[in-house]
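Q: Here you go, one structure.
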Amino acid sequence: MAEVDAARRAVDTAHRRNVPIMLAATSVLTFLDFAAKDEITGPRRRMVASAVIQAALLGLSLLDVRGSQVVPYAPGDGPQPALAGKIAGVGLGWYAAERVAVHLIRRSRLTRPNTVAGLVLAVSRPAGYLAVTRMLPRAGRDA
Amino acid sequence: MPEPGPDTRLVPLLLDPTRLRIAATLVAAGEVEFGFVRDRVGLSDSALSKQLKALATAGLVESWREPTGSARKSWVRLTGDGREQVSAHILALREIAAGGERS
């Protein structure tokens with residue numbers, strides 16, 4: 001039975017290997033995306049900077065998926081609307097809360113509102129990612 | 001008192017330690033890359049392919065190769081029925097081991 005537990009640990013280790021790097025990269029790039037808006041003048045340049053940073057985020061996510069050797073989540077037997085609804089609800093709620101926070105920060109009298117918003121999102125985005133992934137059912141927990 | 005019969009939850013194919021190691025790796029994840037199983041179980045590519053073929057013939061696992069890309073990976077997973085059988089097999093082994101410890 002030690003083999004089953006060892007296999008579970010090996011799968012968890014393989015899955016978690018890149019998680020800290022991905023969370024750190026998400027955090028840094030999200031901060032840069034927002035902070036750049038306080039530093040760069042001109043809407044066009046800001047849009048280009050934002051597009052580059054978001055493309056980097058997308059590229060990193062794809063590399064992470066591509067480099068992973070395990071999918072730890074349990075395959076569903078079919079559509080699971082209750083779980084999908086729960087995850088979508090949490091995701092959308094999280095996004096709405098972020099937008100409200102960014103809106104309030106931008107309306108405040110701070111000299112660098114986007115930098116402050118970037119700091120807030122640099123924490124909340126990785127936290128949101130962790131919260132959502134923990135809601136996904138893991139395979140083999142009942143074996 | 002008659003002796004109890006063999007536990008019907010045990011899967012004969014998984015009584016082999018190598019195949020049990022493969023199944024234990026697969027039951028711990030949804031899908032696993034071929035190379036990960038090979039490195040964990042310590043088999044060559046051909047030996048693992050042979051074992052997986054035996055498990056696939058019994059309907060316990062399924063494998064596929066990524067359709068595109070220059071470095072296409074092969075992935076393996078337990079079928080729905082296979083997952084149930086492996087879980088039942090492991091549960092039966094746990095009960096046998098617990099019974100052995102008690103007596």
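The values are calculated or read from the model by the stated rules, or taken from the named source; none is laboratory data. Here the structure is a predicted model, which means the values were calculated and not measured. Note that each Cβ is placed from the backbone with ideal geometry, even for glycine, and that neighbours are counted across all protein chains shown.
Q: Evaluate the following for A:Ala82: is it within 30 Å of A:Leu110 (Cα to Cα) and aliphatic (A, V, I, L, M)? Reasoning before the result, please.
A: Details: within 30 Å of A:Leu110 (Cα to Cα): no; aliphatic (A, V, I, L, M): yes.
In short, no.
Q: Which one of B:Leu43, B:Leu13 is modelled with pLDDT under 95, away from chain A (no Cβ under 14 Å) and in contact with a Leu (Cβ under 8 Å, 6 or more places away or on another chain)? Working first, answer last.
A: On the way: B:Leu43 fails: in contact with a Leu (Cβ under 8 Å, 6 or more places away or on another chain).
Result: B:Leu13 is the single residue among B:Leu43, B:Leu13 that is modelled with pLDDT under 95, away from chain A (no Cβ under 14 Å) and in contact with a Leu (Cβ under 8 Å, 6 or more places away or on another chain).
Q: Sticking with this structure for a sec: Any idea which of A:Ala82, A:Ala6, A:Ala35 is closer than 30 Å to B:Val86 by Cβ, away from chain B (no Cβ under 14 Å) and either surrounded by fewer than 16 Cβ atoms within 10 Å (Cβ to Cβ) or at pLDDT 90 or above (or both)? Show your work before the answer.
A: On the way: A:Ala6 fails: away from chain B (no Cβ under 14 Å); A:Ala35 fails: closer than 30 Å to B:Val86 by Cβ.
One residue alone meets the criteria, A:Ala82.
Q: Within the stretch B:70-91, is even one residue farther than 22 Å from B:Leu48 by Cβ and in contact with an Asp or Glu (Cβ under 6 Å, 6 or more places away or on another chain)?
A: Checked against the condition, which is being farther than 22 Å from B:Leu48 by Cβ and in contact with an Asp or Glu (Cβ under 6 Å, 6 or more places away or on another chain), the stretch B:70-91 yields no hits at all.
Q: Got a sec? Which of B:Ala29, B:Ala88 is closer than 18 Å to A:Ala7 by Cα, surrounded by 17 or more Cβ atoms within 10 Å (Cβ to Cβ) and among the small types (Gly, Ala, Ser)? If you could, list the steps in order and put the result at the bottom.
A: Details: B:Ala88 fails: surrounded by 17 or more Cβ atoms within 10 Å (Cβ to Cβ).
None of the other options fit; the residue is B:Ala29.
Q: May I pose another question? Which residues, taken from the stretch A:90-143, are crowded, with 17+ Cβ neighbours inside 10 Å, more than 14 Å from chain B (Cβ to nearest Cβ) and over 18 Å from the mean Cα position of the chain (by Cα)?
A: A:Ile105, A:Pro113, A:Asn114, A:Thr115, A:Val116, listed by residue number.
Q: Pick from the stretch B:76-85 the residues that are within 9 Å of chain A (Cβ to nearest Cβ) and touching a residue at least 40 places away in the same chain (Cβ under 8 Å): which of them is surrounded by the fewest Cβ atoms within 10 Å (Cβ to Cβ)?
A: Filtering the stretch B:76-85 for residues within 9 Å of chain A (Cβ to nearest Cβ) gives B:77-78, B:80, B:83.
With touching a residue at least 40 places away in the same chain (Cβ under 8 Å) added as a condition, the list becomes B:77-78, B:83.
Numbers: B:Arg77: 20, B:Leu78: 26, B:Arg83: 24.
Across the stretch B:76-85, the extreme among qualifying residues is B:Arg77.
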